[in-house]
Amino acid sequence: MTRSRQVAAGVFALLGVFAIVESRQLPYYTSNGPGPGFFPLWIGIALAVVSTIHLVQLLVPHRAASRRTAHSALTRREAANPDPSDQVQVPGDVDAAMTGDRADDPSEELMEAQPTSLWPGRASAARVAIVLCAILYVALTLESFGFTLSMFTMLVVVLLTLGRQKPWVTAVVAAVGSVAVYLVFTRWLQVQLPPSPIPWLSALGL
Amino acid sequence: MDTFNLFWDGLLTALHPENLLFALIGCAIGQAIGVLPGIGSAAAIALLIPVTFTLSPISAIIMLAGIFYGTNYGGTITSVLMNTPGESASVVTVIDGYQMARRGRAGAALGIAAIGSFIGGIAGTVGLIVAAKPLTDVAIRIGPPEYFALMVLGLSLLTGLASSSAIKSIMMALVGLLIGTVGIDPALGIPRFTFGNPELLDGISFIAVVIGLFGIGEILQNIEHRDQEVYTTGFGSVLPNREDMRRSAGPIGRGTLIGFVLGIIPGATSVIASYLSYGVEVKRAKDKSRFGRGAIEGVAGPETANNSFVNANFIPLLALGIPGTASMAMMMGGMMANGLVPGPRLFADHPNFVWTLIASMIIGNALLLIMNLPLIRFWVLLLKVPYGILFAIILEFTIIGAYSESFSTFNLLVMAIAGLASYLLKKLDYPLAPLVLTLILGPLMEENLRRSLQMSSGNFSILVDRPVALSGLCLAAVVFVWPLIRRALTHLWKVRQRPTVSQLDARGNH
Amino acid sequence: MSLFQWRKLIAAATAVTAGLAVTGCSTTSGSAADASSYPAKGRTVTLIVPYDAGGAGDVGARLLAPYLSDELGAKITIENDPGAGSQIGVSKLARSKPDGYTLGFTHLPATITTYLDPERKADFTLSNLAPIGMYVIDPTAFAVKGDSKYNSLDDLIADAKAHPGKIRITDSGVLSDGHITVLELEKLTGAKFAIVHGDGGAANVTNILGGNTDVGNLNISGNTAELVNDGQIKLLAIFDSKPDPHFPGVKTGVEQGYNIIEASSRAISAPAGTPKTIINKVSSALERAMKDPKFVKKADAAGLRLTYMNPNDLLTYWKKMEKSVKPLIALAR
């Protein structure tokens, strides 16, 4: 789980670096102040730096555990390390919350303590993948198949696989979701959804 | 007295059965448009302008106006029930509104939104009656430097957003800013991060990202396990209770004010109004951890602000002939197509029209409140649909929403990627709100900074020479730094109160 | 059922759908463009509007559609393909099948600057488009606040020369008609302005009235005349070939000795390769529709400045504008 968090922080750091590299190709400063490259560059630098700090925090073994053991250690570190990114929480300190600086330690530690994985099993991953693929399927077919057909097939598949609905329920929901929705949008609201290219379907007004 | 007589005449005309009917039709259409994600009120008005030619001009404009303010009542519904904003103005409502729905409080969320919208709407209209012209004369002086200050103030409120980790919030805020830079740069027209793809020239669609982050992200989380219980239903009162009303009174009042002020300023948008209202509520709250977990203040404030905004938005149009937003530009188009040219002389030349329109806005807001409160029971029933079916309906809604925003399937890809990102980020405890908020504010901040500098040929002094901009920036600085100072002070206090290390050690030695 | 079985089901469903779609497509493409029988009975003509529903030019297109449909004898549907300042929609138009069933709006100079600007990497030029006819020409004008000290272009230029880079002019975006006008004026006179790229239209009126710009670019349609008559703003010049009757007393740029003619205009075009007879048919239908008194009345109320041009005149207009814009691209940044 810590590994996933480290990877995420690393990815964000790389994203920052990528932004830095890309924005170097844009004019940085013009006679009228900051150019197109100014903001992306500094946002990229900030992202890279902050993500790296977070990554280091995650890589260095948890200080939090030791924090509770000795009160003295807490006070000493505070004196030595005024860094605002340091997640020190003084008990009952309302103002820490004001800065959004509520320590993430309690929740994180709780989760770290649990052996259960952050990531679901293969079946769950497949369910998530089906939803994403359904969207991609519609993206690819919407304009060539037309709204009704594309949406109907998508609904049938997700209702049967993920919803585990009975075939007749599936058929009704998918029909309403494709045909009725299409008619409402195009007839009443005058919003153009792609019509079907199939002659007998488009002849029906779909 | 004169104003009152004119208003009274207008009210009588507005109450004419035909006008009443078209107000009702307009509100109903607006409500429907609001519920459907993607299509906004500007598009809806544009699509219906040709229809209005068959009506009398006054009925036509009453109907179009109804669509305009009706959308805000509808936009809340999908935000609360489906975690998918039906309207960009309701983006912020998603954060707490949906959490309320999951806790069985969908009715309260929708109820308070309707009540807040009503109050905000009426207040906006009253402001229009009382002080249209003088207010507008001040509002139009707001230029790029003031806008820049406003955006900085908005960003400073970010620090108040409750989240589990400060560093992760900062990271997400930066990612939002970065995404906001994609597209043609606002000052020189040079493409950034577009990689030769014309779909990216306009930037990454805010609506598609938000629908993906919230709508799709939520579906993915819920669908992960079979037969997951998503909504708590079946207990508690449907409408807001006394405690809710008590908590919401302040947010509604402040939301009204924020929405009204921004509504008069041409160029501001209702998203900014609702976001600022949310930011202020979080800042003011004693227990910030409630936000993001179904705090009713997080629904009441923004929903009031966006409706107050929309009604106040008529002020610059009617007083000066300046449409403040794209939707208002469409209203203007509709008025012109019906032979009423908005301009400073509109009040004088067509007093009956103007006052009838204003009266119809009060009636329309009342109609919407009457329509909405009973409908809440019906909407909440939607949550009783088994999730195995409901998720598919939500999925279809999100797809239509992201697609119809610009009729591009590219938006669907953006939405899918945002959905996946949201799923992963939630697992890793990254907060999404900062990303969405910087995505709203970042591009506006850059654009207005660079416009300011174009005005001054690159001289930064323009930001401090103008009193309004300067006070905005100072306020932002205070908002940003004050919690840190207070924290430091409290901290020092606590350290002094606490036994020191040496005392502890000394005691241990005893 | 196991996941594997579902996978099979999905595959089957996809295959069936794909099959249906392919048969559908092939029947459509079977009916090839037949110029003499255009428009074929029952077929719909798609009119691409490269802007948002409710955005620039959309309402005007929607007003025109029913009249054009009557004159052409075919159903017309409007398709909004917004994005990148019309680049997405025009690019789609250029790539469409040249059979006369896909037409679209090409706004000038936006279309021209899009393909001339190397930064935009557009995949079309004039050679990929076949101009059909002009619909609306909306001349560019310079507006100032009602009580401004400027009364003519001469006043403005003199002041700009005295204070180089200090006089603020707000246009409606990089390489918009307003920006091009300012660049031409700078080139012609040697004056230097502080050019602020604004949002155009209403936003510019706000900037003028609120004192956030010295000069604002406006197009003269919409409620501009209303604001001028009221004395809130005044026009220094309209960059048209002849004075406009709605604005008595406002001289053109040419009349004041500055040879600049600039406008934001909306033309209808087809993809290149569309048969000449189809182009002419649509163009004359457009001309007839634009003469229909009922339509003229509505267009007038909506503030549209109708100007018809036939395909040849439009092409000449287009090429002339292309020639004048080309040298300005490098100066734009």
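Considering only residues of region A:46-60 that are among the β-branched types (Val, Ile, Thr), within 10 Å of chain B (Cβ to nearest Cβ) and surrounded by fewer than 20 Cβ atoms within 10 Å (Cβ to Cβ), which is nearest to A:GLY16 (Cα to Cα)? In this case the residue turns out to be A:VAL49. Residues being part of a helix (DSSP H, G or I), within 14 Å of chain B (Cβ to nearest Cβ) and hydroxyl-bearing (Ser, Thr, Tyr) are entirely absent from region C:166-189.
Those helices (runs of 4 or more DSSP H) of region B:389-466 in which 1 or more residues are over 25 Å from the mean Cα position of the chain (by Cα) and at the interface with another protein chain (Cβ under 9 Å from one of its Cβ atoms) occupy B:410-427, B:433-455.
Taking (1) surrounded by fewer than 23 Cβ atoms within 10 Å (Cβ to Cβ); (2) not charged (D, E, K, R); (3) not in a helix (DSSP H, G or I) in turn, B:LEU375 satisfies each apart from (3). Within region A:17-32, residues that are more than 9 Å from chain B (Cβ to nearest Cβ) reach no partner that is assigned to a helix (DSSP H, G or I) and among the acidic types (Asp, Glu) with beta carbons closer than 8 Å at six or more positions or on different chains. Return yes or no: is A:THR170 in a helix (DSSP H, G or I), surrounded by fewer than 23 Cβ atoms within 10 Å (Cβ to Cβ) and touching a residue at least 12 places away in the same chain (Cβ under 8 Å)? For A:THR170, the condition - in a helix (DSSP H, G or I), surrounded by fewer than 23 Cβ atoms within 10 Å (Cβ to Cβ) and touching a residue at least 12 places away in the same chain (Cβ under 8 Å) - is met. Residue check: B:GLY97 meets all listed conditions (1) within 14 Å of chain C (Cβ to nearest Cβ); (2) under 18 Å from B:SER79 (Cβ atoms) but one, namely (1). Going by what's in this entry, would C:LEU68 be described as touching a strand residue (DSSP E or B) at 6+ places or on another chain (Cβ under 8 Å) and either in a helix (DSSP H, G or I) or modelled with pLDDT under 85 (or both)? When the stated conditions are applied, C:LEU68 passes them. Examine region C:238-249 for a residue that is charged (D, E, K, R) and within 29 Å of B:ARG450 (Cβ to Cβ), and state whether such a residue exists. Within region C:238-249 (the criterion being charged (D, E, K, R) and within 29 Å of B:ARG450 (Cβ to Cβ)), the answer is no, since none of the residues qualifies.
The residue pairs whose first member lies in region C:151-164 and is closer than 22 Å to C:ILE233 by Cβ, whose second member is assigned to a helix (DSSP H, G or I), and whose beta carbons are closer than 7 Å, counting only pairs six or more residues apart or on different chains, are C:ILE157/C:THR189. Name every residue in region B:338-347 that is small (Gly, Ala, Ser) and buried (at least 24 other Cβ atoms within 10 Å of the Cβ), in order of residue number. Selection gives B:GLY343 alone. Against the list (1) over 19 Å from B:GLU199 (Cβ atoms); (2) modelled with pLDDT under 90; (3) not acidic (Asp, Glu), the condition B:LEU367 fails is (2). In region C:100-111, of all residues being outside any strand (DSSP E or B) and either over 13 Å from C:ALA263 (Cβ atoms) or at pLDDT 95 or above (or both), the one that is nearest to the chain's Cα centre (by Cα) corresponds to C:THR111.
At least 1 residues being in contact (Cβ under 8 Å) with a residue 24 or more places away in the chain, farther than 30 Å from C:ALA35 by Cβ and of a type outside the set (A, V, I, L, M) is the threshold, and among the helices (runs of 4 or more DSSP H) wholly inside region C:207-319 those reaching it are C:224-229, C:293-301. Among the residues of region B:16-46, write down those that are assigned to a helix (DSSP H, G or I) and over 23 Å from the mean Cα position of the chain (by Cα). Result: B:PRO17, B:GLU18, B:ASN19, B:LEU20, B:LEU21, B:PHE22, B:ALA23, B:LEU24, B:ILE25.
Please work out which residue is farthest from A:PRO197 (Cα to Cα), limiting yourself to region A:108-146 and to residues that are of a type in the set (Val, Ile, Thr) and modelled with pLDDT of 85 or more. Top of the filtered list is A:VAL128. In a residue-by-residue description of region C:116-139, the property of being within 14 Å of chain B (Cβ to nearest Cβ), farther than 30 Å from C:ASP230 by Cα, assigned to a helix (DSSP H, G or I) and at pLDDT 90 or above applies to at least one position. The residue pairs whose first member lies in region B:323-334 and is at the interface with another protein chain (Cβ under 7 Å from one of its Cβ atoms) and closer than 15 Å to B:GLY267 by Cα, whose second member is part of a loop (DSSP other than H, G, I, E, B) and at pLDDT below 80, and whose beta carbons are closer than 6 Å, counting only pairs six or more residues apart or on different chains, are B:MET330/C:GLY54.
The single residue among C:ALA270, C:ALA330, C:ALA299 that is more than 24 Å from C:ASP244 (Cα to Cα), at pLDDT below 95 and of a type in the set (A, V, I, L, M) turns out to be C:ALA330.
Pull out all pairs, ordered by first then second residue, where Cβ-Cβ is under 6 Å, the residues are six or more apart or on different chains, the first lies in region C:96-110 and is under 12 Å from C:ILE268 (Cβ atoms), and the second is hydroxyl-bearing (Ser, Thr, Tyr) and part of a strand (DSSP E or B). Correct list of pairs: C:THR102/C:THR46; C:THR106/C:SER269; C:LEU108/C:SER265.
Every listed requirement among (1) more than 14 Å from chain C (Cβ to nearest Cβ); (2) under 21 Å from the mean Cα position of the chain (by Cα); (3) at pLDDT 90 or above; (4) buried (at least 24 other Cβ atoms within 10 Å of the Cβ) is met by B:LEU178 save one, (2). Residues in region A:143-168 that are over 21 Å from B:ILE216 (Cα atoms) and at the interface with chain B (Cβ under 7 Å from one of its Cβ atoms): A:GLU143 only. When every residue of region B:81-93 is checked against the conditions, at least one turns out to be within 30 Å of B:PRO344 (Cα to Cα) and buried (at least 24 other Cβ atoms within 10 Å of the Cβ). Can you confirm whether B:LEU368 is touching a Cys at 6+ places or on another chain (Cβ under 7 Å) and either more than 8 Å from chain A (Cβ to nearest Cβ) or assigned to a helix (DSSP H, G or I) (or both)? Yes: the conditions hold for B:LEU368. Here B:LEU36, B:LEU47 are screened, and the one residue that is within 23 Å of A:VAL181 (Cα to Cα) and free of Cβ contacts under 8 Å to residues at least 12 places away in the same chain is B:LEU47.
The values are calculated or read from the model by the stated rules, or taken from the named source; none is laboratory data. Since the structure is predicted, the reported quantities are computational estimates derived from the model, not experimental observations. Neighbour counts are summed over all protein chains in view; Cβ atoms, including those assigned to glycine, are modelled from backbone coordinates with ideal geometry.
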